[in-house]
Amino acid sequence: MAHAAIQTAIRLIYPPRCTLCGGLVDSDHGLCGPCWRDTPVISGLVCDTCGVPLPGTDAGTPEHCDDCLRVARPWDHGRAALLYRDNARRLVLALKHGDRHDIVRLATRWMAQAAGPLLAADTLIAPVPLHRLRLLSRRFNQSALLAQGLARVTGHAYCPDLLLRRKRTKTLDGLGFEARFSMLQDAITVHPRRATLLHNRPVLLVDDVMTSGATLSASAQACHAAGASGVAILTLARVAKDT
């Protein structure tokens, strides 16, 4: 009774606010109606490899987008929660550069829904790594926050330092497809003290955004080299070509 009264008093003083615009909402870590309408949540038929939405209806058989038909992906399946535009882009940038860690609670609920087909009972969840110098300057790895939140929601095992980024690469922003993949060649490896966790076990790699898939490819290749039985990928958002 006392706890409920305290919670009621707190809500009267600090009512729930929309994660994006700050307007009043019914519950914490949610969006108001207008912000929800401008948030491109992915649903329906999607590419089985990267999660981008596809035209048509889901007939229960795997479908693939043009990019994933053109480029060999070193992972088995993939999903994304949002399209990287409008409010999805605002959320990603606020988390990545605005220290808005409160976004993780909302984001991982969407990601958990998208991750359903990817998760087996023994799946190990791990983030795409940052180089230690970039981690030092940024102070956190947004992909690790998302992976940790996803593990908490789904109840799966989580390893924050499964992978190491041993080469400090320049930012990939503005680079073409081939340049991104070339720059990340041999840049990511499995942490030597975590390799036993991967043996004969499926892994779900988590990142904030997929553009070309170069970082996820390097991470997936490292997992396969260490003996993972399968690799899937999950991102908060997927960059997609305008149609």
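When each of G155, G149, G116 is tested for being under 14 Å from the mean Cα position of the chain (by Cα) and surrounded by fewer than 15 Cβ atoms within 10 Å (Cβ to Cβ), the lone residue that passes is G116.
Please verify whether region 7-20 includes one or more residues that are at pLDDT 90 or above, part of a loop (DSSP other than H, G, I, E, B), of a type in the set (V, I, T) and not assigned by TED's automatic domain parsing to the domain that holds M111. The answer is yes, given that some residue of region 7-20 is at pLDDT 90 or above, part of a loop (DSSP other than H, G, I, E, B), of a type in the set (V, I, T) and not assigned by TED's automatic domain parsing to the domain that holds M111.
Restricting attention to region 89-128, the residues being at positive phi and touching a residue at least 60 places away in the same chain (Cβ under 8 Å) number 0.
Cβ-Cβ distances below 8 Å connect the following pairs, each with a first residue in region 135-150 that is modelled with pLDDT of 95 or more, a second residue that is surrounded by 18 or more Cβ atoms within 10 Å (Cβ to Cβ) and among the polar types (S, T, N, Q), and a separation of six or more residues or different chains: L146/T108; G149/T108; L150/T108. Within this structure, A195 passes the test of being modelled with pLDDT of 90 or more, within 14 Å of A126 (Cα to Cα) and over 21 Å from the mean Cα position of the chain (by Cα).
The values are calculated or read from the model by the stated rules, or taken from the named source; none is laboratory data. Quick caveat, the model's predicted, so the values are computed rather than measured. Because the Cβ atoms are built from the backbone with ideal geometry, glycine has one as well, and the counts that use them run over all protein chains shown.
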